[in-house]
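Here is the structure we will look at, set down as structure tokens.
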Amino acid sequence: MARGESGAVRVALLGCGTVGTEVVRLITDQAADLTARVGTPVELVGVAVRRPHRHPWLTENFGHLVTTDAGALVARDDVDVVVEVIGGIEPVRGWLLEALKAGKSVVTANKALLAEDGPTLAEAADASGADLYFEAAVAGAIPLLRPLRESLAGDRITRVAGIVNGTSNFILSAMASGGTSYGDALEEATRLGYAEADPSADVDGYDAASKAAILATLAFHTRITASDVHREGMRGVSSADVAAARRLGCTIKLLAICERVVDEAGAESVSARVYPAMVPDSHPLARVDGAFNAVFVEAEAAGQLMFYGQGAGGAPTASAVLGDMVAVARNRVGGGRGPRESAYASLPVRAIGEVPTRYHVDLEVADREGVLAAIAGEFARQGVSIAAVRQTGGINGSIDSTARADDAGPGPARLTVVTHSAREAALSATVAALADLDHVIGVVGVLRVEGLGRAVSALGMGE
Ligand code: HSE
């Protein structure tokens, strides 16, 4: 592999925002250690940014490296490794493809691009023998992709599930602690460098869905793209939902769940989904707060593993980028390359309607005879089994706990139903039918309840 006359591995950096700044700092501050670890110097030869005047620290200290022409930087003969921390699909896709086609290794944190078009990048890398590493694309500082791709390569992974978006977890934690509004928490997450350039990617679940696609692809040796992932964000989670979860002894988390599903006939498929769900307070995920991420991996031989750490932010994400940079630099020095894409299993994707989950359904109902029977009847009609029902308010109390029941009279009541495991399609049909019932004033909230237990369940055999 070509390297500089000095034998240095020459790195071009695309982007110098929150993460890129930390990458530059680490490469320069740790130059001696990196040289020792790689076996040759790692030299930063260029940094591409769109608007240099927005990067005073960079231009003051490394002005000679700065360019606004990322394409030209990627094409330079004196570049061995391209590190990309810009994000987004275009024009980044073209630059990374050019780099890979030219045999240059690529280290990227770009989850959106990998989840949309990872296979094209992987094919380009395989064709030229270049490396494509992307540990920083999922769960910030947490070493997670390399364990999936390498350490567990001899095992059979059955489930990868957890919290993979720091911003939404930061907001949900703030809402659960009661002190901060959704808007203030999002503003703070943005100020701290956790949120995406467009934070709707965080709160609407797109970022977590991209990460789920990457995790499922690696875990199940199957190409899964963002469009294969069922996605619901956390924007709709209200303080009433948070309070309802607390009453049940649960906490609401935005979860990414990737499962190997085996049906009664033994046929396998992959389910990948992102949604807010109630998690029992006794589960370790309920105690993952702020911008931290935590991911459970279940494998047949290894059993359950938990990965926990800082999931967002400049320095934590730069740590993962640097780890990859050292790995590809070592490969160059040794003349080898890292693992190729592994997508041999090609499992089909399980539709969300077929995925069994437990649900918490909150209804506002007229408090009169026959209501419970009518409601239970709708659940039964769709084959959704009820695990628990609780009524508050109405003739025996009030939804407003500060009002006295005898003052309130037989007003509307709140009915909370928790189901056994049910297919999404059946639950959706139940909720639609409930909304049409005369007795039902409104469906106040529907949230999944995830026990996050062992996962290779035969379809239909839920908790
Ligand atoms: N916006 C992302 C998050 C950054 O909040 O998790 C890390 O990928």
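The values are calculated or read from the model by the stated rules, or taken from the named source; none is laboratory data. Owing to the predicted nature of the structure, the values given are computational and were not obtained by experimental measurement. Virtual Cβ from ideal backbone geometry, glycine too; neighbours counted across all protein chains shown.
A few points about this structure:
- Checking each residue in segment 163-187 for being near the ligand (Cβ under 10 Å from one of its atoms) and of a type outside the set (A, V, I, L, M, F, W, C) picks out Asn165, Gly166, Thr167, Ser168, Asn169.
- Selection within segment 188-199 - away from the ligand (no atom under 11 Å from the Cβ) and either exposed (fewer than 15 other Cβ atoms within 10 Å of the Cβ) or farther than 22 Å from Asp241 by Cβ (or both): Arg191
- Yes/no for Lys104 being buried (at least 24 other Cβ atoms within 10 Å of the Cβ), basic (Lys, Arg), within 16 Å of the ligand (Cβ to nearest atom) and at pLDDT 95 or above: no
- Whichever residue in segment 136-151 is of a type outside the set (Lys, Arg) and away from the ligand (no atom under 15 Å from the Cβ) and, among such residues, is surrounded by the fewest Cβ atoms within 10 Å (Cβ to Cβ): Glu150
- Residues of segment 231-246 that are in a loop (DSSP other than H, G, I, E, B) and either within 13 Å of the ligand (Cβ to nearest atom) or more than 14 Å from the chain's Cα centre (by Cα) (or both): Gly233, Met234, Arg235, Gly236, Val237, Ser238.
- Residue match in segment 174-193 (condition: more than 21 Å from Leu113 (Cβ to Cβ), β-branched (Val, Ile, Thr), free of Cβ contacts under 8 Å to residues at least 24 places away in the same chain and in a helix (DSSP H, G or I)): yes
- Scanning segment 127-149 for residues that are assigned to a helix (DSSP H, G or I), within 23 Å of Arg10 (Cβ to Cβ) and of a type outside the set (A, V, I, L, M, F, W, C) yields a count of 2.
- Residues of segment 277-318 satisfying the condition of being aromatic (Phe, Trp, Tyr) and within 16 Å of the ligand (Cβ to nearest atom): Phe292, Phe307, Tyr308
- Failed item, numbered, when Thr392 is tested on (1) within 18 Å of Val446 (Cα to Cα); (2) modelled with pLDDT of 90 or more: (2)
- The criterion of at least 3 residues that are more than 30 Å from Val38 (Cα to Cα), in contact (Cβ under 8 Å) with a residue 12 or more places away in the chain and in the same structural domain as Glu196 (by TED's automatic domain parsing) is met by the following strands (runs of 3 or more DSSP E) wholly inside segment 247-323: 250-262, 268-280, 292-299.
- Failed item in (1) surrounded by fewer than 23 Cβ atoms within 10 Å (Cβ to Cβ); (2) of a type in the set (Gly, Ala, Ser); (3) touching a Pro at 6+ places or on another chain (Cβ under 6 Å), with Gly179 passing the rest: (3)
- Qualifying residue in segment 367-374 (condition: touching a Pro at 6+ places or on another chain (Cβ under 8 Å), farther than 30 Å from Leu218 by Cα and in contact (Cβ under 8 Å) with a residue 60 or more places away in the chain): yes
- Of the listed requirements (1) among the acidic types (Asp, Glu); (2) within 11 Å of the ligand (Cβ to nearest atom); (3) over 30 Å from Val262 (Cβ atoms); (4) surrounded by 18 or more Cβ atoms within 10 Å (Cβ to Cβ), Asp131 misses just one: (2).
- Applying the criterion of being within 17 Å of Ile163 (Cα to Cα) and surrounded by fewer than 21 Cβ atoms within 10 Å (Cβ to Cβ) to the residues of segment 203-230, the residue that is nearest to the ligand (Cβ to nearest atom) is Asp204.
- Candidates Arg159, Arg149, Arg93 - the one that is touching an Asp or Glu at 6+ places or on another chain (Cβ under 8 Å), in the same structural domain as Phe296 (by TED's automatic domain parsing) and among the basic types (Lys, Arg): Arg159
- Among the residues of segment 150-159, at least one is in a helix (DSSP H, G or I), out of contact with any Lys or Arg (no Cβ under 6 Å at 6 or more places or on another chain) and touching a residue at least 12 places away in the same chain (Cβ under 8 Å).
- Of all the listed residues (Leu121, Leu65, Leu73, Leu100), the sole one being of a type in the set (A, V, I, L, M) and within 25 Å of the chain's Cα centre (by Cα) is Leu121.
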